[in-house]
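Have a look at the structure below, then the notes.
The values are calculated or read from the model by the stated rules, or taken from the named source; none is laboratory data. Computed from a prediction, not measured in an experiment: that's the story for all the values here. All Cβ positions, even for glycine, are placed from backbone atoms using ideal geometry, and neighbour counts span all protein chains on display.
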Amino acid sequence: MTLLVLLFWLIVGGTLQAALPAWRHMGQPAFPILLGVVLYAALNKKARYFVAAAILAGLVEDALSLAPLGYSSCAHLAAGALAVLLRKDFFADQARTTSWFGALCAAVATGTLALLLRSKGLVALSGREVLWRMAGSAVLAAVLIPLLFGLMRGLERRLGTWEDRA
Amino acid sequence: MKDRRWIALCAIGLVVLAMLNLPEAASRRVKGAVRDGISPLQAGLRGGVRESRDVVRYVRGLGDLALENRALSEEIVYLRGEMRMAQELARDNQMLRDQLGFVRRFPNKLISCEVIGRDSTGWWQTVRLDKGAAAGVAEGRAVLTTDGLIGRTVATSARTADVLLLADPACKVSVRLKRSGEFGVAEGTGVKPGEAPAVRLDYVLKTADVQPGDEVVTSGLGGLFPKGLPVGRVAEVAPDASGLYLTARIELTADLGKLEYAFVAATDRDLAAAQVEPVPADVVLDAETGFLEGEAP
């Protein structure tokens, strides 16, 4: 994965994430496309790509919302770090594992961001609403992230930049 | 090896800390640059979706065109009659105002914008418009559609503006009931599962005459929103927890889930700051009457 490919996915991911409506029935979580890019880097690439992806994805996400700069980067770093810790013990290439990883990391990212935003009084959500939203983002990620990984892997194979686990 | 890892961790920590503690002006610049960079893509994507939706609608509606045409012709006749009456009333109104020496307090100009995106995180109820400071859109301006008020601008970059929608709990508007003239504060309740975005009306006196179906308009108090813009209708009324006031649920007149176009109420100063030519009279909002000037000469 080159930096150019990473930037491409971040721009496309940010645009799509801001275009798709949030899921009203499960606490309004957005489709975690940018988180998917971060997880892809965390599970398949070297640490430097994961860190760059987490910081840049957070920057794009915060720029496209009312969140202060840096908050989403923290959430993405927390979720990605969890994925890096767990990836040694699981076959992260399988769709089912990717789905579970995605769900778990999306819940962690949402929880981290909720903590940060609530600590600054930027959102007024009850603990129950936050949990509901974490569950919502986990469900969305479980469905979306294996598909996104497939697309990203496909593009890398076409470009000839795909390499097995770093 | 361990040292290198620590150095890398410290570097990451520093980058994140720097981002978190960026001065407000620098943070705005960074956000603005990212927004402006992505806005052409967002506009393109939105345009593509709209085009395909129009094609589907066109194909689906082919069979009903004759019926629809007839219904529209009848509606045009009806609306022309209504418009003539409204023009008469507006003329009388203007004449009386001239005689009494009334001055327009909010001669806002409307900037037409396209909705190109939503909040990327889902934490706030916002939409993004395709025009920003360069077109005369400033922060804290009322944003409306032909159905009524939808929110206010909260962040602008050169080419985009974010609108905090009425349904967001952070959006508060001073409103008035059109029938009884009672004042209150409308506050967003967020989006509840399975419900349309709604607004709660607070601080209405317990003795006030509030009934379901009452029309709610902006009061003009506070100076942020022009007076008389339609907000919604009262759906339910009940005493609040303290028992001192009434609280009511308002159903919004504008559908916040299907926004495609919006108008920002800009002032002369906003347009002058952006060096934009004054807009023609047909898009000037007279907030005293709630009419667009061109419609009600």
For segment B:145-163, what are the residues that are of a type in the set (A, V, I, L, M, F, W, C) and away from chain A (no Cβ under 12 Å)?
B:149, B:150, B:158, B:161
Any hit, segment A:23-35, residues being closer than 23 Å to residue B:14 by Cα, touching a helix residue (DSSP H, G or I) at 6+ places or on another chain (Cβ under 7 Å), modelled with pLDDT of 90 or more and not basic (Lys, Arg):
yes
Between B:35, B:4, B:46, which is farther than 28 Å from residue A:116 by Cα, within 12 Å of chain A (Cβ to nearest Cβ), assigned to a helix (DSSP H, G or I) and touching a residue at least 40 places away in the same chain (Cβ under 8 Å)?
B:46
Which residue is surrounded by the fewest Cβ atoms within 10 Å (Cβ to Cβ), if the candidates are limited to segment B:1-44 and must be charged (D, E, K, R) and under 25 Å from residue A:8 (Cβ atoms)?
B:29
Across segment A:118-139, what is the number of residues that are in contact with a helix residue (DSSP H, G or I) (Cβ under 7 Å, 6 or more places away or on another chain) and in a helix (DSSP H, G or I)?
9
Taking residue B:152 as the residue in question, decide whether it is within 12 Å of the chain's Cα centre (by Cα), more than 21 Å from residue B:50 (Cβ to Cβ) and at pLDDT 90 or above.
yes
Residues in segment A:119-129 that are closer than 19 Å to residue B:167 by Cα and out of contact with any Gly (no Cβ under 9 Å at 6 or more places or on another chain): how many?
4
When residues of segment B:162-195 are filtered for being part of a loop (DSSP other than H, G, I, E, B) and either at pLDDT 85 or above or touching a Pro at 6+ places or on another chain (Cβ under 9 Å) (or both), how many remain?
14
In segment A:20-51, what count of residues is obtained for those that are hydrophobic (A, V, I, L, M, F, W, C), in a helix (DSSP H, G or I) and crowded, with 20+ Cβ neighbours inside 10 Å?
11
Please go through segment A:33-61 and pick out each residue that is more than 7 Å from every other protein chain (Cβ to nearest Cβ) and among the charged types (D, E, K, R).
A:45, A:46, A:48
Within segment B:45-74, how many residues turn out to be within 27 Å of the chain's Cα centre (by Cα) and over 30 Å from residue A:8 (Cβ atoms)?
1
So, in segment B:7-28, exactly how many residues are more than 10 Å from chain A (Cβ to nearest Cβ) and either under 18 Å from residue A:72 (Cα atoms) or touching a strand residue (DSSP E or B) at 6+ places or on another chain (Cβ under 8 Å) (or both)?
2
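Every residue, every condition in (1) surrounded by fewer than 21 Cβ atoms within 10 Å (Cβ to Cβ); (2) in contact (Cβ under 8 Å) with a residue 40 or more places away in the chain, yes or no:
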site: A:57; (1), (2): no, yes
site: A:77; (1), (2): no, no
site: A:81; (1), (2): yes, no
site: A:108; (1), (2): no, no
site: A:119; (1), (2): yes, no
site: A:136; (1), (2): no, yes
site: A:140; (1), (2): no, yes
site: A:145; (1), (2): no, yes
site: A:149; (1), (2): no, yes
Looking at segment B:81-106, I want the residues that are within 24 Å of residue B:267 (Cβ to Cβ) and have a partner that is modelled with pLDDT under 75 with Cβ atoms under 6 Å, at least 6 apart or on another chain. Which pairs are those?
B:90/B:296; B:104/B:288; B:106/B:287
